[in-house]
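Comments concern the structure below.
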Amino acid sequence: MKPIINIISFLLIGTACTGQQDKNLKLCNVDSKYANKVDSVLKLMTLEEKIGQLNQYTGNAQATGPEVIDNTKHEQIKSGRVGSMLNVIGAATTREIQSFALQSRLGIPLLFGQDVIHGYRTVYPIPLGEAASFDLDLMERTARGAAIEASSEGIHWTFAPMVDITRDARWGRVMEGAGEDTWYGTKVGIARIKGFQGNDLADSNTILACAKHFAAYGACIAGKDYNTVDISDMTLHEVYLPPFKAAAQAGVATFMNSFNDINGIPATAHTGIQRDMLKGMWDFNGFTVSDWGSIREMVDHGYAADLKESANQAIIAGSDMDMESRAYVSHLRELVESGEVPITYVDDAVRRILLKKFQLGLFDDPYKYCNEENEKETVLSQPLRYLARESGKKSIVLLRNENKALPLKDDVKRIAVIGALADSKQDMLGFWASEGIAEEAVTLLQGLKNRYPDAKIDYVEGYDLNTNQLTSSAQARKIALAADVVILAVGERANESGEAKSLADININANQQQLVNDLKPYSKRLVTVIMGGRPMIFNELTGASDAILLTWWLGTEAGNAMADVISGDYNPSGKLPMTFPRHIGQIPIYYNYKSTGRPESKYSSYSCRYLDVDFEPAYCFGFGKSYTEFEISEPRVIGNNHSFDKPVEIEVTVKNTGIYKGKETVQLYIRDKVASVTRPIKEFKGFQQVELLPCEEKTVRFILQKEDFYFYNKDLDFISEPGEFDIMVGKSATELNPVTIYISESERN
Ligand code: NOJ
């Protein structure tokens, strides 16, 4: 503890940071509670120690990028040359590694970061799946749960949420975000940040969140991971940046930049985006971390001649912490000493990082997250498993239910479960499942056994998980024939979506689809359960399936959550956060495209046709069925004379006309009919979930504020323009009732 005592005594001296000032540099505005402390520490630091704070290495728990073998890391930590580690897990291990940092001259504690993407040891649905719940409170609670669990294992910082918007299902990382819509993605991002960070970073179970990947990673050309982004300013501002801006406003602690270049400039060296926008215009006082090796990768981009040049570019552009490039630790010293990099840049980066360490309380107690007792009680605790089951069932989307094939009654006698995914624990967790352990996951098969203890449940693999070759076909037919219902699991394995997992063909494997068709004649009722981490295409199996449930990858409690929905214990309420194409050539396909000069029809069709394939998606944004039926009335606008001075209020009546209790997500979209730049044919601007008993009805009211009508004009000013707007309310992006209103600038107009 000696070094810590040193720091604390020096902190009391407390002076403001001085040093060379660059007039154009907007410095971190350290909140007054910590300013003296941060600056006191900074003042004590040698250049070498400052650079150490900007350096992050991976531990041995797992490699989440191309690793450099280095056996000197512990020694470097002891000499103050490392500020943060990722991929170090467990209270005991983080305690041990933290003790190395405390042996350094100033004893500045390390930050332990980790990709806590959808849970930690208790795994929740993948983020795209959970976004289908349209339940922001739930998403906040699972992020909270993940923070509680991760923090009990020594983790201070998650590299989540990913708030990248994407319109390309080929991109493997769609699984990590909230889908295609900017407005919704923004809300989801904020909910997750709140969940991770809680009310106070000083609590011992809150962790730093990280808005990533800044910026426009989801716009990679052709959905190829790490690929070039070539984008108009208007689209960048309107589609890709808002979730990041909102994250900064919501107080997210950190940002991670992205691998891609944006219009010719790698994001890691993008001064305009990081330095001017994020830290300047948006007043972001947290710190930025590079993506894994992204500083080094600027050499491969052909943007820097060598690692030294990329270090120079990155620090000037505002990349504060270097994850696994070794660029700062190798070259920043000479860059500062030669005057190429003003020390102010380094100091600012260090202050930002120290501030977070202070806010987490690590200077008071560097081991506060390393409590093995707490770890034991917290990890995989019952409340977290309940939460996993709740989030699992709420994420499932019912895509088809012919002749009321579902729900499956309690008295079902014989069930045939077919498809290797139905019994694959690893594939329940999905990609990037952090510390999730496959053995702890409940499969679909197990979930059904738990739910239907009196039924005879036969299982046949049907296809080989690795090769997709059909297997045991005769046996599959036999058990199908004998069963009251066939439940057939198909889709992606957990390693088929995620980082570096782009696909040129997102069709579900042809053999799997064939299996559904093969079994159709032998099945009294055939329910297809689709698992996966992205929008997939499955036209070939649709007609043969009486019901289709899209379950994504649901995590630890996957099987129980699926059984909850199959049995009707939970009436499915999920809605698609991304359009599901009908054909690969339709990509990018999304609901909020713009009208061309030759639109098809007013509200429902796509504005340009293909000769060879349909132009409509298989399933649109916002789509999802229920076991019950809902009727939504025409929208009623409250009052007349609308102006941007006051909120616009719209009401609809929602009625449950079916026979089950259920939940509808009532969705509101607007269309700005004429503007100074062309506007999308619809923009998602609101939703409300309403739970109704059979025959029950409720009034749902939406309140639209002026900002809901804002857009970026040709000068990139964020403005509203008076005129006519369609307001559309309904069940999905294509099942809407419209009303048109005129909105003037102010009441006086
Ligand atoms: C690379 C990924 O792009 C990023 O999202 C992740 O946080 C880092 N690796 C660390 O694992």
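Read the figures in this text as sums done on the coordinates, not as results from a lab. Nothing here was measured: the structure is a model prediction, and the numbers come from that model. Here the Cβ positions follow ideal geometry from the backbone for every residue, glycine too, while neighbour counts run over all protein chains shown.
Counting alpha carbon pairs within less than 8 Å and at least 6 residues apart, what relative contact order, in whole percent, applies to the stretch 388-585?
Relative contact order here is 36 percent.
Just tell me which lysines come within less than 27 Å, Cα to Cα, of K33; anything on the same chain fewer than 8 places away is out.
K33 reaches K2, K23, K43, K50, K194, K245, K279, K356, K357, K368.
From the mean inverse distance of alpha carbon pairs (Kirkwood) and the Cα radius of gyration, derive Rg over Rh for the stretch 41-374.
0.94
As a check on your grasp of the helix formula, calculate [θ] at 222 nm for the chain: sum -39500 (n - 2.57) over DSSP H runs of n ≥ 4, divide by the residue count, round to the nearest 500.
-8000 deg cm²/dmol
Enter the angle in degrees (range 0 to 90, nearest 10) between the Cα long axis of helix 327-337 and the first principal axis of the Cα atoms of the chain, meaning the one along which they spread out most.
Helix 327-337 sits at roughly 40 degrees to that axis.
Taking the chain as the region of interest, what is the percent of Cα-Cα pairs per 20 angstrom bin, listed from the shortest bin to the one with the maximum distance?
The percentages, shortest bin first, are 17, 47, 30, 5, 0.
Going by Cα centres, the stretch 415-466 and the stretch 205-257 are how many Å apart?
Taking the Cα centre of each part, the stretch 415-466 and the stretch 205-257 sit 35 Å apart.
Just tell me which aspartates and glutamates come within less than 13 Å, Cα to Cα, of K661; anything on the same chain fewer than 8 places away is out.
Once the sequence-local aspartates and glutamates are set aside, what remains near K661 is D569, E629, E691, E696, E697.
Once you have a ≥ b ≥ c as the square roots of the Cα gyration tensor eigenvalues for the stretch 339-396, tell me rounded if a/c is under 1.5, and otherwise prolate or oblate according to whether a/b is larger than b/c.
Cα axes put the stretch 339-396 in the oblate bin.
Which one, V188, I632, N87, is farthest towards the positive end of the dipole of the chain when Lys and Arg carry +1 and Asp and Glu -1 on their Cβ?
Positive-most Cα among the choices belongs to I632.
If one takes the longest principal axis of the Cα atoms in the chain, at what angle in degrees, from 0 to 90 and to the nearest 10, does the Cα axis of helix 2-13 lie?
For 2-13 against the chain, the angle is about 80 degrees.
How far is the Cα center of the stretch 92-148 from the Cα center of the stretch 285-314, in Å?
Cα centres, the stretch 92-148 to the stretch 285-314: 25 Å.
Using the C-alpha atoms of the stretch 380-423, what convex hull volume per residue, in cubic angstrom, is computed?
146 Å³
Using the alpha-carbon atoms, what tilt in degrees (0 to 90, nearest 10) does helix 343-359 show relative to the longest principal axis of the chain?
It is inclined by approximately 60 degrees.
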